[in-house]
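Structure, as structure tokens:
The values are calculated or read from the model by the stated rules, or taken from the named source; none is laboratory data. Just so we're clear, the structure is a prediction, and the values are computed from it rather than from any experiment. Please note: Cβ atoms are built from the backbone with ideal geometry, for glycine as well, and neighbour counts cover all protein chains shown. Surface accessibility is based on the protein's heavy atoms, side chains included, excluding ligands, DNA and RNA. Shrake-Rupley method; radii C 1.70, N 1.55, O 1.52, S 1.80 Å.
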Amino acid sequence: MPFALLPLAACAGRQSALAPQGLQSDEILRTFFIFLAIASVVWVAVVIVLIIGMLRRKRTTDQPLALHIPFERVTGRVVLGLGLATLVIVLGLSIVSYAGQRTVFARDEHALTLKIIGHQWWWEVRYEDGNPDRSFVTANEIRIPTGQPVKVELESADVIHSFWVPSLTGKMDLITGQKNELQFTAKSAGIYRGQCAEFCGLQHAHMAFAVLALPPDEFGRWRDRENQSAHSPSDQLGKQGEQLFRARGCALCHTIRGTLAGGQLGPDLTHVGSRTTIAAGTLPMTTASLGAWIADPQHIKPGNYMPKMPLQSGELIAILHYLEQLK
Amino acid sequence: MSVTADQRELRDDALNGLQLSTRLDSLWRTPSGFLGALMSVDHKVVGRRYIVTAFVFLLLGGVLAILMRIQLAGPEQTFLSPDKYNQIFTMHGSTMMFLFAVPVMEAFAVYLVPLMVGTRNIAFPRLNAFSYWMFLFGGCFLWISFALNVGPDVGWFAYVPLSSLQYTPTKRPDVWAQMITFTEVAALAVAVEIVVTVFKLRAPGMTLDRIPLFVWAMLVTAFLVMFAMPSIMVASTSLILDRLVNTRFYDSSSGGHPLLWQHLFWFFGHPEVYIIFIPGTGMVSAILATFARRPVVGYPVVILSLIATGFLSFGLWVHHMFVTGLPQLGAGLFTASSMLIAVPSGLQIFCWLATLWDGRPVYRTPLLFVIGFIVIFVMGGLSGVMVASVPIDTQVHDTYFVVAHFHYVLIGGAIFPLIGAVYYWFPKITGRMLGERLGRWNFWLAFVGFNIAFFPMHILGLIGMPRRVYTYTADMDWAHLNLLSSGGALIFALSFALLLVNVIRSLRSGALAGDNPWDASTLEWATSSPPPPQNFDRIPVVKHREPLWLDGESLPVAAGLSVDRREVLLTSLAEAEPQTREASPEPSIWPLLTALATTVFFIGSIFTPWAVLWGTPPMAVALIGWFWPAGSREDEE
């Protein structure tokens, strides 16, 4: 039965350990297949011995067997020999595992470093730079350059979360009062889904994010653009939306750089319009889903910390229009 | 008084068979009536209750599992709210681990070990009764809380800080933590009883190398319980203190650390797996010897493997914490130590395969379950070797791959042997056979249903499905495999329904079993089915590892126990030479009253620390009642 896993290596998937797109996930899958191959051989051997053993001797009498002592000794030696073989296999696999571990956790001093802070139930992403003008904050979406090692520093603002992008590398926990880090290199451009892997409360199921691996020059352009403050809306509806954003309390929790909105509780929305998903990977970024989310976040993600605000439909449209312009 | 005890008391050698049997029966019988039932200290009565209660919890935990599988059968279902789902998976895990798996194994030990070592009752029978009541009250407390919507919802692992007051201000984690304490009390009490029963109450001549393998397994398990349980006791009590009186064991902002919880929890939690699995191996050894019609190959190898497994199980808890950012070299060493446990486990498997190979197997239902156990457990063990590897674990940790792995280990390693054990010992416990045809249906549905339910989860984990999520979206490609898994779960559930039908039918009209329906070799089959209150009219003397096969009808017996009072024979630790006669306690209501007082104290302490003050006097009163010296023969002399 373990063989049934092998053809699955072909399975593609945006969030799959079987479709590696990173140096680390590649190495892990290689280690996994070595283990799988040996495990399959062992399991099949056990089942074959079991079946032969079952069919070997027909029952002739219900009486218990009289034991044949020399034969017992031979059997005992076979059992001990197999035990020894198990020990050798186990030690061999330990070495294979340690080699894989060294590769996966190798550190590169020149890695691009960003900081990720877990919240119930969203991800804060900080691109920090020695020059404060080059630092900015975003949420739920991580853009990285391909081919370059990326180091994420992981912290938690509340409970334990776990950062996991199976296509790129294995997971690492975000723990209160402790700084963990994880390093990975994306081999090719693409969108890779990640998800919180440690149970973190009511909306653990809806704490996803996207990793967008971009060619380095495109990443550089994005970073320059992202670094800027939000543009002021050009049209009347947008201006009304910006004003309502503050007036209706959105700005108490959310920051939009370059405006008076400076709340720290929820995700930074400075360039929210350019993201691919909203509500921590729960919905695709479309006008309809953004509207539905603002209108009643508790319906979509029950128990999350964004309250339902009493908005008239005109107000909702204005805020929606404003947010969509934030690119 | 001038007469000596020897002159006054009547010994069993002075009576003929029928007189002795009648006299012992009335001496050891549980008092009649409802009150009498509450007072019982007979290990068979308590053991039977324990087994039935644990199976009721299995049923409840199973219903929860089906509810979860319905919710996950398709993407974005709204059958369960996230809040309900979190309560349900927490209750499922807690029920299965704390209210079913450990208790049911200890329950079988409570029933079987005294019979298998040839004594009249378990050591400390009142403690045994107390242990059952604590287990019952703890279980009811948890389930009543769940029914009242205050069931725990932070996982059976209850990681801080999620379970701290700050992030879960309700009483739910307190309910969970106190239930842990209840079951710890029960489990520790039974562990002590088993150790003393095995070491001191064995039949004369049952030297260490003649102890049945099931008894050895339970002995090792009892030691694991004694060393592992205190760790979770420290953990859960610290959690309650953090929540109730504002200590800071787990609060990183005040010098505590959340990882302390994980170390304490898994230092208990991993041995816990072996506390469940090792009794399963004992059942396998017992069943296999009987149906392969020969002793298990490598008796000393099996025992040394059990002991090695016990020791190693304490050295690998860190593999649950590979992704918490511990130092890499240390984690690598825990990979090696975790994989090393495959060696003793493997040796046991090889011994069983050799037993089957060399034997002349009789394929009855218990043996089918043992064969199913080997097929499933080996796969679970091998995926365990994968999970032990740091790099592989960073991908599969907290995904459905792990869910698949530990269900293969726990259901394959414990439930399959356990159901085999139910078929095997049911005739001894009830005097009636379970139906063989239904038994075969039961086995095949369980085997097929189990694999359909759990095998796809390996793949689900690898293609990215995390554990403990109440839903997922259609575009994640997880829908088909989840539907398959849910279908398998229903088949698996059906197999338990068949078991229930079989049990009910057989209780009413099953074929009468007789003393030894399987022609087995160990001492529990040397007495009638069900056994009389005194277990054995005359204490057997053991001359071989397989007394009933080698001595059969002419099983030698020892004489000299009093028939005026309840007495058990104490023997020496290694050679089991008779040492002294010891009084065995009379039935008493005080264990029940003590358990009630303890329950009031535990539940009270969820709500106020003052329960420590007003909760202890009733416990003290109950304990004084329990230990109030009865007028004994020695006093009169």
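Within the stretch B:318-334, how many residues are touching a His at 6+ places or on another chain (Cβ under 9 Å) and either at positive phi or open to solvent by less than 20 Å² (accessible area, probe 1.4 Å) (or both)? Don't jump to the end; show me each part of the working.
From the stretch B:318-334, those touching a His at 6+ places or on another chain (Cβ under 9 Å) are B:318-323, B:331, B:334; that's our starting set.
Okay, now just the ones that are also either at positive phi or open to solvent by less than 20 Å² (accessible area, probe 1.4 Å) (or both), so B:318, B:321-323, B:331.
Residues that pass the stated criteria total 5.
Looking at the stretch B:31-62, which of the residues that are over 24 Å from B:LEU500 (Cα atoms) and among the hydroxyl-bearing types (Ser, Thr, Tyr) is modelled with the lowest pLDDT?
Among residues in the stretch B:31-62 that are over 24 Å from B:LEU500 (Cα atoms) and among the hydroxyl-bearing types (Ser, Thr, Tyr), the one modelled with the lowest pLDDT is B:SER32.
What is the number of the single condition among (1) assigned to a helix (DSSP H, G or I); (2) closer than 29 Å to B:ARG581 by Cβ that B:GLY205 does not meet?
Failed condition: (1).
Among what's in the stretch B:384-423 and is more than 14 Å from chain A (Cβ to nearest Cβ) and of a type in the set (A, V, I, L, M), pick the residue that is surrounded by the fewest Cβ atoms within 10 Å (Cβ to Cβ).
Filtering the stretch B:384-423 for residues that are more than 14 Å from chain A (Cβ to nearest Cβ) and of a type in the set (A, V, I, L, M), the one surrounded by the fewest Cβ atoms within 10 Å (Cβ to Cβ) comes out as B:LEU410.
Scan the stretch B:529-544 and give yes if some residue there is closer than 28 Å to B:THR30 by Cβ and part of a strand (DSSP E or B), otherwise no.
The initial filter retains those residues of the stretch B:529-544 that are closer than 28 Å to B:THR30 by Cβ, namely B:529-542.
After this cut, where a residue has to be part of a strand (DSSP E or B) as well, the list is B:540.
Yes, because at least one residue in the stretch B:529-544 is closer than 28 Å to B:THR30 by Cβ and part of a strand (DSSP E or B).
So that you can scan it fast, the table gives a plain yes or no per residue for (1) out of contact with any helix residue (DSSP H, G or I) (no Cβ under 6 Å at 6 or more places or on another chain); (2) outside any helix (DSSP H, G or I):
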{"site": "B:GLY310", "(1), (2)": "no, no"}
{"site": "B:VAL318", "(1), (2)": "no, no"}
{"site": "B:PHE322", "(1), (2)": "no, yes"}
{"site": "B:LEU326", "(1), (2)": "yes, yes"}
{"site": "B:GLY330", "(1), (2)": "yes, no"}
{"site": "B:ALA336", "(1), (2)": "no, no"}
{"site": "B:VAL362", "(1), (2)": "no, yes"}
{"site": "B:ILE371", "(1), (2)": "yes, no"}
{"site": "B:LEU382", "(1), (2)": "no, no"}
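Among the residues of the stretch B:547-571, write down those that are over 23 Å from B:MET433 (Cα atoms) and open to solvent by 20 Å² or more (accessible area, probe 1.4 Å).
Answer for the stretch B:547-571, where residues must be over 23 Å from B:MET433 (Cα atoms) and open to solvent by 20 Å² or more (accessible area, probe 1.4 Å): B:LEU550, B:ASP551, B:SER554, B:LEU555, B:PRO556, B:VAL557, B:ALA558, B:ALA559, B:ASP564, B:ARG565, B:LEU569, B:LEU570.
Just one of (1) at pLDDT 95 or above; (2) touching a strand residue (DSSP E or B) at 6+ places or on another chain (Cβ under 8 Å) trips up A:GLY92, so point out which.
(2)
Exactly one condition in (1) within 14 Å of chain B (Cβ to nearest Cβ); (2) in contact with an Asp or Glu (Cβ under 7 Å, 6 or more places away or on another chain) is false for A:ALA139; which is it?
The single condition A:ALA139 does not satisfy is (1).
Just wondering, is there one or more residues in the stretch B:190-198 that are assigned to a helix (DSSP H, G or I), of a type outside the set (D, E, K, R) and free of Cβ contacts under 8 Å to residues at least 60 places away in the same chain? Can you show your working first?
Just the residues of the stretch B:190-198 that are assigned to a helix (DSSP H, G or I), to begin with: B:190-198.
Retained after the next criterion (residues that are of a type outside the set (D, E, K, R)): B:190-192, B:194-198.
If we keep only those that are free of Cβ contacts under 8 Å to residues at least 60 places away in the same chain too, we end up with B:195.
Yes, the stretch B:190-198 contains at least one residue that is assigned to a helix (DSSP H, G or I), of a type outside the set (D, E, K, R) and free of Cβ contacts under 8 Å to residues at least 60 places away in the same chain.
With respect to A:ARG134, determine if the residue is in contact with a helix residue (DSSP H, G or I) (Cβ under 8 Å, 6 or more places away or on another chain), touching a residue at least 60 places away in the same chain (Cβ under 8 Å) and on the phi < 0 side of the Ramachandran plot. So that I can check it myself, show each step before the final result.
On the way: in contact with a helix residue (DSSP H, G or I) (Cβ under 8 Å, 6 or more places away or on another chain): yes; touching a residue at least 60 places away in the same chain (Cβ under 8 Å): yes; on the phi < 0 side of the Ramachandran plot: yes.
For A:ARG134, the condition - in contact with a helix residue (DSSP H, G or I) (Cβ under 8 Å, 6 or more places away or on another chain), touching a residue at least 60 places away in the same chain (Cβ under 8 Å) and on the phi < 0 side of the Ramachandran plot - is met.
So which residues in the stretch B:257-266 are part of a loop (DSSP other than H, G, I, E, B) and either among the aliphatic types (A, V, I, L, M) or buried (at least 24 other Cβ atoms within 10 Å of the Cβ) (or both), if there are any at all? Quick ask: steps written out before the conclusion?
Step one: filter the stretch B:257-266 for residues part of a loop (DSSP other than H, G, I, E, B), giving B:257.
Scanning the stretch B:257-266 gives no hits.
Could you list, in sequence order, all residues of the stretch B:107-128 that are in a helix (DSSP H, G or I) and open to solvent by 10 Å² or more (accessible area, probe 1.4 Å)? Break it down stepwise before answering.
Within the stretch B:107-128, the subset in a helix (DSSP H, G or I) is B:107-116, B:125-128.
Listed by number, the residues that qualify are B:ARG126, B:LEU127.
Considering each of A:LEU91, A:LEU82 in turn, give the residue that is within 14 Å of chain B (Cβ to nearest Cβ) and out of contact with any Phe, Trp or Tyr (no Cβ under 9 Å at 6 or more places or on another chain). Walk me through it before giving the result.
Working: A:LEU82 fails: out of contact with any Phe, Trp or Tyr (no Cβ under 9 Å at 6 or more places or on another chain).
Answer to the check: A:LEU91.
Which of the residues that make up the stretch B:453-462 are surrounded by 24 or more Cβ atoms within 10 Å (Cβ to Cβ) and within 7 Å of another protein chain (Cβ to nearest Cβ)? Even if it seems obvious, please write down each step before you answer.
Within the stretch B:453-462, the first condition is being surrounded by 24 or more Cβ atoms within 10 Å (Cβ to Cβ), and the residues that meet it are B:453-454, B:457-458, B:460-462.
The answer is B:HIS458, B:LEU462.
For residues that are over 17 Å from the mean Cα position of the chain (by Cα), assigned to a helix (DSSP H, G or I) and under 16 Å from B:ILE349 (Cβ atoms), tally how many sit in the stretch B:267-300.
Restricting attention to the stretch B:267-300, the residues satisfying the condition of being over 17 Å from the mean Cα position of the chain (by Cα) are B:267, B:287-300.
Subset that is assigned to a helix (DSSP H, G or I): B:267, B:287-292, B:299-300.
Subset that is under 16 Å from B:ILE349 (Cβ atoms): B:287-289, B:292, B:299.
Residues in the stretch B:267-300 being over 17 Å from the mean Cα position of the chain (by Cα), assigned to a helix (DSSP H, G or I) and under 16 Å from B:ILE349 (Cβ atoms): 5 in total.
Which residue out of A:LEU87, A:LEU154 is free of Cβ contacts under 8 Å to residues at least 40 places away in the same chain, touching a helix residue (DSSP H, G or I) at 6+ places or on another chain (Cβ under 9 Å) and either of a type in the set (A, V, I, L, M, F, W, C) or assigned to a strand (DSSP E or B) (or both)?
Numbers: A:LEU154 fails: touching a helix residue (DSSP H, G or I) at 6+ places or on another chain (Cβ under 9 Å).
Answer to the check: A:LEU87.
Can you tell me which residues in the stretch B:69-92 are surrounded by fewer than 19 Cβ atoms within 10 Å (Cβ to Cβ) and either touching a Lys or Arg at 6+ places or on another chain (Cβ under 6 Å) or not in a loop (DSSP other than H, G, I, E, B) (or both)? I'd like the intermediate steps shown before the answer.
The first filter runs over the stretch B:69-92 and keeps only residues surrounded by fewer than 19 Cβ atoms within 10 Å (Cβ to Cβ), leaving B:70, B:73-79, B:81, B:83-84.
Those that are surrounded by fewer than 19 Cβ atoms within 10 Å (Cβ to Cβ) and either touching a Lys or Arg at 6+ places or on another chain (Cβ under 6 Å) or not in a loop (DSSP other than H, G, I, E, B) (or both): B:ILE70, B:ASP83, B:LYS84.
Within the set of pairs 6 or more residues apart or between chains, which connect a residue that is closer than 14 Å to B:TRP357 by Cβ and more than 8 Å from every other protein chain (Cβ to nearest Cβ) inside the stretch A:54-71 to a residue that is surrounded by 13 or more Cβ atoms within 10 Å (Cβ to Cβ) and modelled with pLDDT of 80 or more with Cβ atoms less than 9 Å apart?
Pairs found: A:HIS68/B:ASP358.
If B:SER485 meets every condition in (1) surrounded by 22 or more Cβ atoms within 10 Å (Cβ to Cβ); (2) at pLDDT below 95; (3) of a type in the set (Ser, Thr, Tyr) apart from one, which number is that one?
(2)
Give the residue that is farthest from the other protein chains (Cβ to nearest Cβ), with candidates limited to residues of the stretch B:335-379 that are over 27 Å from A:ARG56 (Cα atoms) and surrounded by fewer than 22 Cβ atoms within 10 Å (Cβ to Cβ).
Step one: list which residues in the stretch B:335-379 are over 27 Å from A:ARG56 (Cα atoms), which gives B:335-342.
Retained after the next criterion (residues that are surrounded by fewer than 22 Cβ atoms within 10 Å (Cβ to Cβ)): B:336-337, B:340.
Working: B:ALA336: 4, B:SER337: 9, B:LEU340: 6 Å.
Checked the stretch B:335-379; the qualifying residue farthest from the other protein chains (Cβ to nearest Cβ) is B:SER337.
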